[in-house]
Structure formats: C-alpha cells, structure tokens
1. Say we look at the range 49-78 and pick out the residues that are crowded, with 16+ Cβ neighbours inside 10 Å and in contact with a Pro (Cβ under 8 Å, 6 or more places away or on another chain); which of these is modelled with the lowest pLDDT?
2. State yes or no: is Arg79 part of a helix (DSSP H, G or I) and of a type outside the set (Gly, Ala, Ser)?
3. Tell me which of these Ile40 doesn't satisfy, since it passes every other one: (1) under 13 Å from the mean Cα position of the chain (by Cα); (2) modelled with pLDDT under 85; (3) not in a helix (DSSP H, G or I).
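The values are calculated or read from the model by the stated rules, or taken from the named source; none is laboratory data. Since the structure is predicted, the reported quantities are computational estimates derived from the model, not experimental observations. Cβ atoms come from the backbone with ideal geometry, glycine included; neighbour counts cover every protein chain shown.
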Amino acid sequence: MRKQQRGYARQDRVQEQIMRELAELVRTGLKDPRAGFITINEVEITRDYSHATIYYTVLDDATREVTEEALEHAKGHLRSELAKRIHLFRTPELHFVYDESLERGMNISHLIDKVAKEKKIDD
C-alpha cells in the first residue's frame, strides 16, 4: 500500500514538473507566429510515463485553431526540449487538448446570474 502512495506522489511531481517546463518552453521556445498566448492548465501523464495529455487555453479564442496547429507542428521539438530538461527513463509523447472547462464555467456562471436577475424581477 505504501509503495502505491509513493508512486502517485512521484507521478504528481512529474506532472507538475512537465507543466512548469512546458509553460516555459511555450513562452520562450515556441517561435511559431501563428501561436497565440497559450496557458498550460493541467498535465495528465499515464502510469508508464509514455503519454502526457496537456490541457491548454488561449487568450484570444480567434487564435484557437491556428494555435492548435502550431502546437501539433511543434510537439516533436517541445518533446525533445523537455527530454533535455527532465530526466526520465522515457520522455512522454505529448498530446495537446484545448481545455474547455473555463468556458463551461463562465457559461454556467452567466446562466446562474441570469436566473438570479429573473428571480429578482419576479419577486
């Protein structure tokens, strides 16, 4: 049981380190002019460290598609740079996924505000 807890703690630390390093690499090392302002929100890594799913958002929704293309184009370069910075037995394959949770949260908040205003009018 104790070994399993330690394994998860290591996995969490690796995820956090990958997130920090990728955020820095995207900020400084991604020279593609198509890429918008990218924020890395979360990283999930498989137990065997072979795949990492990177959840990101962009500042301007209009740049979402071209930023996705830029990240897909640069993921080999980002992976090799990550391998230089993080010493793992296997550097994970990177999979970029646009994180829609912030948009969903804002939509839900907007709906709640709308219902609250309608309730005040009815009272």
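1. If we take residues in the range 49-78 being crowded, with 16+ Cβ neighbours inside 10 Å and in contact with a Pro (Cβ under 8 Å, 6 or more places away or on another chain), then Tyr49 is modelled with the lowest pLDDT.
2. Yes.
3. If we test Ile40 against (1) under 13 Å from the mean Cα position of the chain (by Cα); (2) modelled with pLDDT under 85; (3) not in a helix (DSSP H, G or I), just (2) comes out false.
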